[in-house]
1. Roughly how many nanometres apart are two label points built 7 Å out from the Cα toward the Cβ at Arg89 and Asp273?
2. When DSSP beta bridges are limited to those with both residues in the chain, what percentage is antiparallel, rounded to the nearest 5?
3. What's the ranking of 203-211, 293-301 by average number of surrounding C-beta atoms within 10 Å, highest first?
4. What order, most packed first, do the peptides 61-69, 94-102, 116-124, 129-137 have when packing is the mean number of other Cβ atoms within 10 Å of each residue?
5. Which percent of the accessible area of the chain is formed by carbon and sulfur heavy atoms (probe 1.4 angstrom)?
6. Any of Lys4/Lys178; Lys66/Lys254; Lys109/Lys148; Lys4/Lys177; Lys109/Lys194; Lys28/Lys109 with alpha carbons more than 30 Å apart? Name them for me.
7. Viscosity 1.002 mPa s, temperature 20 °C: what is the translational diffusion coefficient of the range 135-283 from Stokes-Einstein with a Kirkwood Rh over Cα pairs, rounded to a whole number of µm²/s?
8. Hey, could you get me the Stokes-Einstein D for the chain, Kirkwood radius over alpha-carbon pairs, 25 °C and 0.890 mPa s, rounded to whole µm² s⁻¹?
Amino acid sequence: MARKDLLDIASLSRVEIDHLLHQAVPFKELFTRSVKKVPALKGKSVLTLFYEPSTRTHSSFEVAAKRLSADVTHFDVGQSSITKGESVRETVETLEAMRTDFIIVRHSKSGLPAMIASLTKASVINAGDGAHAHPTQALLDAFTIMEKFPEPAGKRVLIIGDILHSRVARSTSLILKKLGIEVAYLAPGSLLPKLGAEGIHRFTDYAKAMAWLPDIVYLLRVQMERQDAQFFPSLREYHRLYGITDERLQEISKRGLYLMHPGPVNRGVELCDAVMEYERSLINDQVENGIAVRMAVLYWLKPEANHGV
Ligand code: CP
């Protein structure tokens, strides 16, 4: 079934997830060709509206849209009339008048992309809203895992870090569970959510979490900007208790586990420098796969498929 928007993982069916992951495969194959472009979205306009900083997601959407031959405009929030008090509603009305086909939104407020979607005929893609959802990150994580484990049901993913404030943890654990993958969280008790983690194992001790025998260790960024209180004594202490130290990396390597991280990485906090050279690190795969998955999402939501009905 065609959709207008992609706002979260919760509302995606297994069939829709499988379709998107399947569709990303030929798009990734394009990257090895000398011409990496297809005309699928020729004449369509994509607008990126990022109220929060982003390196990966923003550039990945831009590359994805350009590889589909869409025209991409970056709405510079810092230089716009938003700084003079223009509301989100007024901004969206302006964009609506420009007949933009896609609006890709990141905002610190949970639910804001859904509000924008209700105000516009354009397809809205949530590029991360507060601690709520980051659906394309979840899709690219699932795609990356399935490249290593094509039959992923029953595999185990241990997510370590600031679960409480993480839209990545929320969306990625949801998609993994929909694919039949077992998920566990490891974090200081203060950073483990009390609710909303049904069916997810919860650990506060690194050794106990590793005894659960994960296949993949997924590290989250410690999001100091979302923490309004002191959730652990210091970053040094966090690294000692929950970070991938050189010693832990040796054990992970011996066991042949894969390592993932959505970025941006805080070196010396979530992980030691040596992780970046680890042969089973999938961090660069995640970045590359992000483009293919976002091409699949844009193609799936393409205007002909929804605005005509
Ligand atoms: N993974 C992710 O959302 O990274 P950015 O904040 O750089 O977009």
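The values are calculated or read from the model by the stated rules, or taken from the named source; none is laboratory data. Here the structure is a predicted model, which is why all the values come from computation and not from measurement. Every residue, glycine as well, gets a Cβ built from its backbone with ideal geometry; the counts of neighbours run over all protein chains shown. Note: areas computed on protein heavy atoms with side chains; ligands, DNA, RNA excluded. Shrake-Rupley method; radii C 1.70, N 1.55, O 1.52, S 1.80 Å.
1. 5.3 nm
2. Details: 1 of 35 bridges.
Rounded to the nearest five, the antiparallel share is 5 percent.
3. 293-301, 203-211
4. Per-residue mean Cβ counts within 10 Å order the peptides as 129-137, 61-69, 116-124, 94-102.
5. On the way: 7270 of 13910 Å².
The computed percentage sits at 52.
6. Flagged as over cut-off: Lys66/Lys254; Lys109/Lys148; Lys28/Lys109.
7. Numbers: Rh = 15.2 Å.
Rounded, D is 141 µm²/s.
8. Numbers: Rh = 20.0 Å.
After rounding, the answer is 122 µm²/s.
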